[in-house]
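Chemist: Before I ask anything, let me first share the structure, which is written out below as structure tokens.
Read the figures in this text as sums done on the coordinates, not as results from a lab. Bear in mind that the values here come from a model prediction, so they are computed numbers and not experimental data. Methodologically, a virtual Cβ is constructed for each residue, glycine included, from the backbone with ideal geometry; neighbour enumeration extends over all protein chains shown.
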Amino acid sequence: KAGVTQTPRYLIKTRGQQVTLSCSPISGHRSVSWYQQTPGQGLQFLFEYFSETQRNKGNFPGRFSGRQFSNSRSEMNVSTLELGDSALYLCASSTPVGDRDTQYFGPGTRLTVL
Amino acid sequence: AQTVTQSQPEMSVQEAETVTLSCTYDTSESDYYLFWYKQPPSRQMILVIRQEAYKQQNATENRFSVNFQKAAKSFSLKISDSQLGDAAMYFCACRSGNTPLVFGKGTRLSVIA
């Protein structure tokens with residue numbers, strides 16, 4: 001079974017621009033979560049989607065948004081980029097049955113804001 | 001709210017030796033799950049081991065095992081016969097129900113040949 005995939009893997013943007021990151025979960029997984037990882041703050045939860053509905057949201061400004069499609073693929077969008085948004089963005093998926101509590105991660109998207 | 005604390009920012013171990021990484025957590029939930037994830041330089045977060053809180057038996061996965069002390073809210077990871085490929089950041093994490101996964105700050109493990 002293919003793992004979680006994220007595109008693009010690397011991205012360079014300038015302040016004020018917006019960016020969209022994509023995540024395709026493991027086949028059959030319906031829950032997708034997003035995390036931001038920075039050296040200073042560590043791993044911070046952004047949001048979680050299940051069956052196209054946002055189930056949980058972290059403490060991030062409204063510039064960060066996401067959505068999930070009917071095929072469980074998810075996108076997150078960051079508008080009006082700031083230097084502090086430079087980070088590794090990780091996506092994780094989990095199955096609604098069995099080890100539903102376990103999240104499997106993708107390789108991440110490295111975003112650099114100049 | 002859940003919290004996870006890893007008190008060892010860095011650890012090192014000789015190849016073929018055993019090392020233990022510490023983790024403590026706090027949660028008000030009675031049903032929760034604990035995890036150790038490994039993040040090598042490639043940055044891919046890899047699941048190492050998983051423990052259900054209601055199970056008293058400690059989880060094991062090949063050379064990796066945990067010491068789960070529920071009353072003390074402690075969840076340490078033991079790596080036996082350490083290999084060069086074990087060098088990575090190790091994150092302890094906790095999750096209950098549909099709440100988000102909460103991570104510790106991580107422990108950087110170096111393996112010395």
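Chemist: Any idea what the relative contact order of chain A is, in percent, if you count C-alpha pairs under 8 Å spaced at least 6 apart? Write down the numbers at each step before the final one.
Modeler: On the way: 289 pairs, mean separation 41.0, N = 114.
That works out to 36 percent.
Chemist: Which of A:Gln17, A:Gln54, A:Gln44 ends up with the largest GNM mean-square fluctuation for chain A, with Cα atoms connected below 10 Å?
Modeler: A:Gln17
Chemist: For the protein assembly as shown, can you list the cysteines whose C-beta has no other cysteine C-beta under 4.7 Å from it?
Modeler: By the Cβ distance rule, which asks for a partner under 4.7 Å, the isolated cysteines are B:Cys94.
Chemist: Please arrange A:Ile26, B:Ile46, B:Ile79 by how many other C-beta atoms lie within 10 Å of their C-beta, fewest to most.
Modeler: Values: A:Ile26 18, B:Ile46 13, B:Ile79 23.
Ordered by Cβ neighbours within 10 Å, fewest first: B:Ile46, A:Ile26, B:Ile79.
Chemist: Of A:Glu75, A:Glu48, how do they rank once you tally other Cβ atoms within 10 Å and put the fewest first? List each step's numbers first, then the result.
Modeler: Numbers: A:Glu75 17, A:Glu48 26.
The order, fewest Cβ neighbours first, is A:Glu75, A:Glu48.
Chemist: If you average the alpha carbon positions of segment A:15-84 and of segment B:22-41, how far apart do those two centres end up, in angstrom?
Modeler: A separation of 22 Å, based on Cα centres.
Chemist: Ranked by Cβ crowding within 10 angstrom, fewest neighbours first, how are A:Phe47, A:Phe64 ordered?
Modeler: Working: A:Phe47 22, A:Phe64 18.
If I rank by nearby Cβ atoms, fewest first, I get A:Phe64, A:Phe47.
Chemist: Still on this structure, I have one more. Taking the DSSP beta bridges in chain B as the whole, what percent of them are antiparallel, to the nearest 5?
Modeler: Taking every DSSP beta bridge with both residues in chain B, the antiparallel ones total about 85 percent.
Chemist: Evaluate the relative contact order of segment A:1-50 (contact order divided by residue number), counting alpha-carbon pairs under 8 angstrom at least 6 apart; express in whole percent. Display every interim value, and only then the final one.
Modeler: Numbers: 52 pairs, mean separation 15.1, N = 50.
In percent, rounded to a whole number, it is 30.
Chemist: Within a Cβ distance under 11 Å of B:Gly106, other residues only, what is the Lys/Arg minus Asp/Glu net charge? List each step's numbers first, then the result.
Modeler: Numbers: positive: B:Lys38, B:Lys105, B:Arg108; negative: B:Glu10.
Around B:Gly106, the surrounding residues sum to +2.
Chemist: Using a 7 Å offset from the Cα along the Cα-to-Cβ direction at both A:Ser86 and A:Ser51, what is the distance between the two label points in nm, to one decimal?
Modeler: 4.2
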